[in-house]
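Novice: Dumping the structure here so I can ask a few things about it.
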Amino acid sequence: MLAFIGKRLLWMIPSLFAISFLAFVLIQLPPGDYVTTYIATLASSNEVVDQNTAAQLRERFGLDQPMLIQYLKWMWGILSRGDFGISFEWQQPVSGLIWERMALTLILALAALIATWAIALPIGVYSAVRKYSIGDYFFTAFTFLGLAIPSFLLALVLMYVAAVEFGQDVGGLFSSEFETAPWSIAKMLNLLSHLWLPVIILAVSSTASLIRVMRANMLDELPKPYVTTARAKGLSEFRLLVKYPLRIALNPFISTIAWLLPNLISGSVVVAIVLNLPTAAPLLLQALMAQDMYLAGAFVLLICALTLIGSLISDILLALVDPRIRLE
């Protein structure tokens, strides 16, 4: 297992280089560059930028150099100094813009992941064991509603209920007095008091889909001979379910780690905008629209790193949980 982990870690290095280069190229594929977008923004407010000024701006930002040279300089800064470059739009170091947002995004993603598993796992098992019961039909209806309701619509409804019915401060992850305050216990408690709303919204669709997956997997495992044998030996129903079929049915849950974290970071853009969340998704969208290549590239690089790390964690956990999965 250690040799396997070592190989996977070594393979991550060329994978990150390849993905980062492709992301850097894709970000620059649209016509023009950041200076073009900046000039268009000024033109919309009746300000004119002449060609000399545009050329000076491109030289200042390094946009007059070949794309390969720009990429190599960017990667050298990351590897040698941990410097992700300067954001064109914000005129700040990218590192200062992304780390707090990535930390808040990971907190939100992990909270949504825990909520998803805590709800989907027992309901999926119950629906399989009590197949075609009233409870099974109720949870089936819930899953269909969860899959059908758009996340942004659910966000708007819950914001209205929280604000009007309960007088809750909605929007954002902090109250106004804590937004720029240094981290403290009071700020953490304030974060927890605002976290429930985005966690519910992000967890609903994932929970609904995983309930169906868990139910289907459990229904596949329950009729198998090893379950009948274990039941005939006198094992209690709870111990039988936990020790045998549940371990096999957990595989899809563990596999979702590989894509769930990056998906929550990049796939919750609309929800983050509706709720005004200070997470990575809105800033990533803004950077892509402005062709702020260093800021967008840093986010894409971190998302790819999370995907590779999540895949490794999934493979290790699958080998630990399922005895059928081995390297041979």
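The values are calculated or read from the model by the stated rules, or taken from the named source; none is laboratory data. Predicted model only: the values in this text are computed from it and were never measured. We place every Cβ from the backbone using ideal geometry, glycine too, and count neighbours over all the protein chains shown. Please note that ligands, DNA and RNA were not included when accessible areas were found on the heavy atoms of the full protein model with its side chains. Shrake-Rupley method; radii C 1.70, N 1.55, O 1.52, S 1.80 Å.
Novice: Hey, what angle do you get for helix 134-148 against the long axis of the chain, alpha-carbon based, 0 to 90 degrees rounded to 10?
Specialist: Computed tilt is about 10 degrees.
Novice: Given H placed on each backbone N at 1.01 Å, which residues far from I86 in sequence or on other chains put an amide H within less than 5 Å of it?
Specialist: For I86, the qualifying residues are V94.
Novice: Let me ask something else. Do any chymotrypsin sites (Phe, Trp or Tyr not before Pro) in region 135-202 lie in a loop, going by DSSP, with at most 15 other beta-carbon atoms within 10 Å of their beta carbon, and if so which?
Specialist: Within region 135-202, the qualifying chymotrypsin sites (Phe, Trp or Tyr not before Pro) (loop, at most 15 other Cβ atoms within 10 Å) are F166, W183.
Novice: Here is a further query. Enter the accessible area of M188 (Å², nearest 10), with the probe set to 1.4 Å and all protein chains included.
Specialist: Only protein atoms counted, so the area is about 80 Å².
Novice: Under a plain spin-label model, where a point goes 7 Å from the Cα along Cα-to-Cβ, how far apart in nm are V242 and M289?
Specialist: Result: 5.0 nm between the two label points.
Novice: Using a Gaussian network for the chain with springs between C-alpha atoms less than 10 Å apart, which of these wobbles most: I119, I309, I134?
Specialist: I134
Novice: I would also like to ask the following. As an exercise, use a Förster radius of 30 Å and the Cβ-Cβ distance of A40 and W99 to find the FRET efficiency, rounded to the nearest 0.05.
Specialist: It comes to 0.50.
Novice: Ok, one more. What does the chain give for Rg and for Dmax, in Å, if only its C-alpha atoms count?
Specialist: 24.3, 85
Novice: Based on the Cβ-Cβ distance of R8 and K73, what FRET efficiency does E = 1/(1 + (r/R0)^6) give at R0 = 30 Å, to the nearest 0.05?
Specialist: 0.55
Novice: What FRET efficiency do you get for A163 and T229 if R0 is 41 Å and r is their Cβ-Cβ distance, rounded to the nearest 0.05?
Specialist: 0.15
Novice: Pick from A40, A232, A186: which residue has the top mean-square fluctuation in a GNM of the chain where Cα pairs under 10 Å get a spring?
Specialist: Of A40, A232, A186, the most mobile in the Gaussian network model is A232.
Novice: Note down the accessible area of V170, probe 1.4 Å, to the nearest 10 Å².
Specialist: V170 has an accessible surface of roughly 40 Å² with all protein chains in place.
Novice: On a straight-distance basis, which lysines could pair with K243 in a cross-link, Cα separation under 17 angstrom, same-chain partners fewer than 8 positions away excluded?
Specialist: Candidates past the 8-residue exclusion: K224, K233.
Novice: Show which lysines lie in cross-link reach of K7 when reach means a straight Cα distance below 30 angstrom and same-chain residues fewer than eight apart are skipped.
Specialist: Partners found: K73.
Novice: Given a 1.4 angstrom probe, I'd like the percentage of the accessible area of the chain that is carbon and sulfur, rounded to a whole number.
Specialist: On the chain, the fraction of accessible area on carbon and sulfur atoms equals 69 percent.
Novice: Something else: With Cβ to Cβ distances under 14 Å as the rule, what net charge do the other residues near P14 carry (K, R +1; D, E -1)?
Specialist: My count for the surroundings of P14 gives +2.
Novice: Also: Rounded to the nearest 500 deg cm²/dmol, what is the calculated helix-only ellipticity per residue at 222 nm for the chain, with -39500 (n - 2.57) per DSSP H run of length n ≥ 4?
Specialist: -24500 deg cm²/dmol
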